[in-house]
Structures are given as C-alpha cells and as structure tokens.
1. Under a crude label model (7 Å from the Cα following the beta-carbon direction), how far is A:Asp126 from A:Asp281 in nanometres?
2. Filter the DSSP H helices in chain A by two things, a Kyte-Doolittle mean of at least -1.0 and an axial alpha-carbon span of 20 angstrom or more, and list the hits by number.
3. C:Ala71 to C:Ile181: extension gain in nm, 0.36 nm per residue of separation minus the Cα-Cα distance?
4. Across peptide C:146-152, what mean number of C-beta atoms from other chains lies inside 10 Å of a residue's C-beta?
5. Per-residue HN-Hα couplings for the range C:74-87, Karplus 6.51 cos²θ - 1.76 cosθ + 1.60 at θ = phi - 60°, whole Hz, x for Gly and Pro?
6. Explain nothing, just the number: dipole magnitude of chain B about its Cα centre with +1 on each Lys and Arg Cβ and -1 on each Asp and Glu Cβ, in debye rounded to the nearest 20.
7. Please list, in order along the range A:143-159, the HN-Hα scalar couplings obtained from phi with the Karplus expression 6.51 cos²θ - 1.76 cosθ + 1.60 (θ = phi - 60°), rounded to whole Hz, x for Gly and Pro.
8. Going through the range B:114-144, which chymotrypsin sites (Phe, Trp or Tyr not before Pro) have at most 15 other Cβ atoms within 10 Å and a DSSP loop state?
Amino acid sequence: MKNRLTRRSLLALSAAGAVLALSACGGNVGGGSASAEFPSGPITLTVGQAPGGSTDLIARAAADGMADSLGVALPVVNKPGANGALATEEVAAMAPDGQNLVLLNASLITITPLAVSEEEAVSLDDLDVLMGLSQDDYVMVASTKSGLKNFDDIKNSDKKLSFGTTGVGTGSQLAQELILAQADVEGTTVPFDSGSPALTAVMGDQVQVSTVQLGEAKPQIDAGTVTPIVVFSAERNEFLPDVPTAIEAGYEVPVSQYRAIAAPKGLSDDAKQKLVASIKDAVATDAYKSFNEKNMLTPNEISGEEVTTEWNELAAKYKELTDEYSISLAGK
Amino acid sequence: MDFFGPVLDGFGTVLDPTNLLYCLLGVVIGMLIGVLPGLGPAATIAILLPLTYGVEPVTAIIMLAGIFYGAQYGGTITSVLLRLPGEASSVVTVFDGYVMAKQGRAGTALGIAAIGSFIGGTIAIVGLTFLAPLVASFALDFGPPEYTALALLGILLVATISGGSKIKAIIAAAVGLFLATVGRDGFTGAERFTFGNLSLADGIDFVPIAMGLFGVGEILYNLEERHRAVSAPLKVANVWPAGKDIKQASGAIGRGSVLGFFLGILPGGGATISSLASYALEKKTAKDPSRFGKGAIEGVAGPETANNAAATSSFIPLLTLGIPANATMAIIFGALLIQGVTPGPQLISNDPELFWGVVNSMYIGNILLLIMSIPLIGVFVRILRIRAAILAPITALITLLGAYTIRNSMFDVMLVVMFGAVGYLMKKFGFEPGPLVLAFVLGSLLESNLRRSLLVLEGDPSGFLTRPISATLLVVFVFVAVWPMIKSAIDQHKNRSMAVQAVNEKENA
Amino acid sequence: MQAKHAEHPPVTAASPADPGPVQSENDESPEALTPEELAAQWEAEAPERAGGVANLASSLVVLGLGGAGMALSVGLGLGTPAAPSAGMWPFIVSLIAAAMAVVQLIVGRRGGKDGEKFSAMSWYTVIGFATLILMVVLMPLIGFEIPALLLCFVWMRWLGGERWRSAVLYSVLVVVAFYAIFIAALGTTIPRLF
C-alpha cells in the first residue's frame, strides 16, 4: 500500500511538473513573457480608488477609447488603498512591458506627502507618465441658511464658522486651509470621509462651509441649495463662469486635482508611442468629450514630461505655502 | 400623481422582459450559492457581484435585488434541512425548522418560510415606498450628533439582543470597534495599528472580515464536525403548506411583518434582531409556549417573515441616509456605487427614476422568489445531498476566489483565511462573530461622527441633548440599556406571584 | 456516507415506491422522533462544553489584546476629552474589552454553557487551515489552478475520506469548473497559470 501510494504521488507530481512546463499560455502570474509585439494581450489599467468615484469613472472612460484604438481589451481593475499609493506602488514594481498601466491622481504626488510620513510618500521616479488627462476643480460652497454670499462674508463673520473638508491630505483640505490662513479666519475644520457627506452637511447647515469637487457640487449649486463662494482653479472655470477664483479674491491658492496615465519606468519606445497614440485617440472621441462635459472636467491633455514637471513644481509650491503659513495637514 | 407618477414609471422599467430575465437569473443563482453551507447572504452577494458588472445599471440593480432575495432564502434552506444557518438572522429558524424537518415536515417549513418572506418583504416594500421619502425629507437634519446616537444605539442593540453570553457579546463588539480603528485616522492623518503595511492604510475591509468569520470559520468548523454532520432528507414534499398550517402561521406572519419592518430601520443588524424578537414574541403570545423548539410552525413563520421584512426595510437608512444598517447592506451599498448610484439624501430627489427602479425591483425579486422557490426546492435538496467531502472544498474555493475578486487583492484573501481561523476559535470558545462584524461596520461611523460632533459642538457634550433627534435616540438608547434590568425585576415579581398562585391552587385542590 | 456510492453522482433519488415521509396531516412519519426524544438526542450529540480552562485562556487572551491595544493607543497620543487625539477612541474601546475580560474571567470560572472542547477531530481543522494558507501563499506565484487542485484533493481524500479515484476526478472537475466560471465567463484577474 505504502509503495503504491508513493508511486501515485510521484505520478501526480510529474503530472504537475508537466503542467508547469506547459505554462505560458495566457497566465497572468510571474514576469510577463517578453514578446516582441506590443500589445501582446489585454492591458490592465489599475485604479487606486474604489469603483464608482470620479477617478474610477475617468479611468473607465479613457480605457474604453484606448481599447478601441489598440484593438485589445483594456480592463479597469480597482485596488483601493492609501489614497492610491497601494495601486501605484504595485504597478511601479511590475515589468515595464506596457501591459500594466495605472491612473494617477496628482494629489497623491503633490498633497499626500504633506500629510504622511516620508517613507509612505509616493514619487514619480519609478513611473513613466504617458499623458495628462483632465483637471477637476474644487469649489467652496456655503449653506443657504448661513446667509454667506462671498468670501468677504466669511472673513467678516462674527460667528465662529465650521468648515467641512473631504478628508485629511486632500486638495479640499489644502485649499481651504490655505485660504483661511491667508485671510486670517478662525474656524473649526471638520473632516468628512468623502465629498458627498461634506456636501450633505452643508446642505443641512451642519457645517456652514465646505470645499468639495465641482462635479459633486454642481447639481446642488444649480438647484440653489448651496451657495458657491470661490473656485480654486488658476482661471475661472468654464462650468461656473460667474464664480470668482480665489486668486481674483486676492489669495494664492492654486489647488486642483489632475489626473494622468502612467506605466512602470523603462517602457520600450514602441510600446510608449503606441500607448500615447491610443490615449490621444481616446480623448478625441465624442463619447469621452461628453463624459468630461457631464462630469465638469476641464481637459488638460498635456505630455507625460509636462505632467512630471508640473506636478513636481506643484508639490514644491504646496510645501512652500504650507511652511509659510505653518499649516499642518496632519491635524494639530 | 406627484408622488405616484415616478413610482409607477419605475414599474415600467422593471417589467421589461430583459430585466425580468436578469432578476430571475439573480434569484436562482443567489439561492444556488446561498444554499451552500457556510455562505450567508453577505458572502453570496459579494461573490456574485462580478456578475452584475457587465450589464446596464438598472438591469444590474434589478439582478442584484434578485440575488439578495435568493441568497436570503438560501440560508433558510440550510437552516431547515441541515441545522446550518447561513447567517445570524436565520439562527432561530433552526430551532423549529430543523425539528419540523426531522418530523418529516421540511416541505411545510420551507414553504411557510417562502410565503412569510414574501408577505413580510412585500409589506416592507410598501412601507418603504411611503416612509423613505419622509425620512429623506429630514435627512438633512441628520448631523454628526444624530449619526453618533444612531450608531451607538445600533451597537448596543447588537450586543444586548444576541443569543449567547452578554459579556462575551460586548467583548466581541469591542474587538470589532477596535478593528475598525485600524488605518489612517481621518482627523489627524496618523497611521493607527497598520505596522507600516500599506494594505492596511485604508483600514481593514469589512468583506474579508465577514467572509472570514462567517464563511471560512464555518467551513473549518464543519471539517471538525463532519462526523456529526446531518444529511439532508431524501425528498421534500408538500412544499405548499396545508390550509391548517397557513391558518396557524398567519398571525405570526402578520406580527413578524410589522415587527421586522420597524426593527429593520434601526442600524445594527435589523434582520437578526427582528428574527430573535419575533421568535420571542411568538413564544410569548402562544397559547402553549412549550411547543416551541419542538416543531411549532409559528417558530419558523414569524422569524422568517420578520427577517425578510427587516432586510427590506434596512434599505431605508441605506437609500435615504447612506448608512448601511448591516453587513449585507454594506455590500449592496458597494454594488450600487459600482453602478454609479450614490445612496444618500440626494438620491430620491436627484434621480427618482433610479430610486424607484431600485425599490420596484424588490417587488419583482420578491415575487420571483416565491414563484421559483417552490419548484426549485427539490434541486437545492439535491445539492445538499452532495457529500460534504466534495462540497467543502468547493465552498472554500468560492470564498477565497470571491474574496480576491472584490478588490483584486491577495492581501484580502489572506485576511479571509486569518479571520477564518479567528472565527473558528471564537466558536470553540463560545464567542459569537455577529456582534464583532456589526460593531466593525458601525465602528468608524461612530468614532468619526463622535469626534465630528465634538468639533461642531466645540467639545460640549450637552449639545447632544439639545438637538431633538439625537436626544430622542439617546433616550431610546438608555431605555434599551436598562430594559433588561427592569424586565428581570418584573419577571421576578411575576414569578413570585405565580408561585403564590400555584401554592394557593394546590391548597384549594 | 463514504465510498459506497463513490462512482455515482452523489444524489440519491428516492425510489418511486418509497412512500414520501411527508404528510402534513399526519405529522408522525415512521422515522420521526418525538420532540422530547429529539431534544435528548441533541443533548447527547452536542459536543462537550469548553469548560473553565478555556474560559481562563480566552479571557486572558482578550485581556492581553486589550492591554496591548491600550499601550499602542497611548503611543498614538490620547489628547483631551474635548480635543481627542488619534489614540483616544481605540484606548476607550480597548479598556472596555479588557474590563469585560476581567468580568468574564470571574463570571465564567466554572466553565459555563458555551464553547466546545477541542477533540481529536480538531486536527482536521488544523490541516484544513494549513492548506488554505498554502493556497494563499502559492496563488500569486503559480496561479490558482495547481494550489486549488491540491486543496480539493487533500480535502476530499484525507479530510473527507473519498476514494482515490473519486477524489482525483472531482478535484479536476472542480478546478475546471472554477476556471470556466471565474476566468472564462467572468473574466476576473485572479492569478492563473493558463
């Protein structure tokens, strides 16, 4: 019996070995097979945010167009965690064969490092940024019940106001803290878990003011349930032409969210060219354009090199501003 | 017409043949997976989520409703036939349901459960139709203090109304609250208990916890208990209960519907609490309470009605306040987000079509469940006849691969296995996983709103009592907390007078 | 339960002559027991209670976890009740857990009515757990197919007492079915070899 057992086990083992030898037909583990042709199969676009959020929707809109252009499937995979750091580091460590891409949020590079310890901060060094996609602006809104109409009302309010943000280490927090520090306004900052509860809290006058992303606030601004105060983009936003920018109001707060697509560092020229061309095709489609319009996104389709320079500059700028006004994003 | 217009429009969408087909598919697959031992509704829905990715949003939501009802009923089938409740809310069904099966009345038990679920579910949807807009209308008055009070109440209910030792339930709940603090603190940005692991920076996802404690924990436990395993009956007949049975159960179904509906609105596992409460109520109102635990049909009909009514009405806090009341709702919450629907106060006014689509799809899911469960029970009994030795690894693989697909994370799969071991050990040492999971779900809600309240109220806790909604909720909280003491005092008093009465009667005789 | 029907599909249909045991008008079928008998049978079947030692052990584990939680929370900083820092809430929660563990230590010192003793069969659970861990470790390296096959085989052959032939056959069928569902039909990104 014992003998038979071992023989059977041996047989099973050798069968398993044979199976192993036969691999390399479509598996997705281990180092990618270095085939000369790009793309050699489906390309995965990893998103560091949960499904359904604006980042995820942007990834899916871009992936649709890119898949058509490249002629391969381009599934979007969500790996939420640590504001996208998890997904970004994972993709950065993959083989640079162009089969794995990641959708980047600028805030991960420019703002998150201000709130977390140094070893957690993510940099662009391990990535080849392919192309920028769009810009998503923040808008400060006030509750109708508070009667606040513009930033001067906030500045001159004799009541102590509370200010909602979409969370610690976000553009919403940075922008709001900067403008409040520059205007010397005393207030209580109340962090919420994301944009939607921060907005709801303003609608119910639970907090008097919140800074949220424009796409989220627009329906409520249109319905008149919240009052827009300022937008934080460098120039007036095309979707809210009547609302002044913070810069016009006299404050230096150039905070927006930007998004771009990147690949692990060391991409071959051929793969890079094909990928960039496919993104260009994707953003040129009508479907993508109307998606941008519907979600209040301003196209910002710049080259990967420009993205890298711009984001690094922004990171330095934010660092300088927070130091100047001694703002700490990581609480008291 | 203002109110009913959108409601009726919703029906048009739902009755589209494609949508009906997907709903049917959802019910059948939901039951199919839900019937596997160890997989409750939360795990089942989580596993089947990828099925809904590729279809149109409205269709996907309708399919989800089907999966939801199917999965709920799947848990009932194993409770009755195998003494294996799929989730906490079916635990009480085991008491009388399994005894009924032993007595050869499995068909009657399953049939009455299906009918009760249908009636309870339908009544709850009607209630939801009228109550949801009402709740949504004052949802804006829900600030941090109100959410704090609501979460506190939910956790208290979970800890005090669970079946076993109260102290152990509180310990489990405290561990759940602690696990919820893992990850980046939303107020200071400090990393809490992550030990430098980036996968933990956003905290532990509740799905691996639920799948591990309930799913893998149960699978591991069954490996050990296999020698005691119960085999399903060969054949289940008479699924449509006799008139006498229906008559006997009708009171329980009626009471269960109302009880379930109201308890379901509360956060913190409405379905579980209401099934327990319904069982207690039936036992109390019965002429002969001693029949309970020995195959009383009310003991199946009441809790099964109540848990379905509660499962349905727990959509109210989800759709109007954006609060998932229990683990299953939390998964539905995630599923709706994937479909681009953000449940919350704005949903009903911004997107009435979608809102009523979601609500009306529940009617259809519920009706299909009733229609499908009766012919399909035979099929499910056959699945349960498959030898446990073959079923167990299948269940384990479904759980592991399902856990991977939710966030495409191997780390989550590891967590599922680890929490599986914890779940097994908890079971061996007499701790219930239910309070842990639910406290975990409500934990971050409670902590962040408590701290947010302190910020808004500027550190003055009396602010909780000057706001009408939070004050009311806190009064209820105190009442629930001290009620067991009052009750035991009353019981003691009653027992004494009854004893006196008995003695008197004896003397008279 | 074991090898007898191994070659056949696991479903045993009732023979047509079999008078269905179910008659709702007539509750007592031949094999049904009275509720009292059932209750007695369940009581006898029920595993032994965990007992005092288990209570001591589990209470001490919780106490230890609570203590560790409090120590780590203090490390995060407590702040003041009006302006709590990151460690305040976990500290309170750990304190509750530790306090309840002490109460349980005293209340449950004689054992109580919950929990179950470990038995010789508990080794099955340990083996099952080990295969699950192995699967999690191997999956990212060599894909899910081979680990899944091994897991099925171990669980069926050794933990389930299936015969060699049926264990091999069903293991292969299960893995093929999973491949068809998760990879071919649902298109998930589960690590795979093929």
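1. Those two pseudo-labels are separated by 3.1 nm.
2. A:2-21, A:54-70, A:269-284
3. 34.9 nm
4. 4
5. Values, residue by residue: 4, x, 7, x, 8, x, 10, x, 6, 10, x, 9, 4, x Hz.
6. 1960 debye
7. 6, 5, 5, 6, x, 6, 10, 8, 5, 5, 4, 5, 5, 9, 5, 8, 8
8. Values: sites: B:Phe118, B:Phe130, B:Phe138, B:Phe142; in loops: B:Phe138, B:Phe142.
Listed in order of number, the matching sites are B:Phe138.
Every number in this text was worked out from the coordinates using simple rules, so none of it is lab data. Remember, predicted model here, so these are calculated numbers, not experimental data. We place every Cβ from the backbone using ideal geometry, glycine too, and count neighbours over all the protein chains shown.
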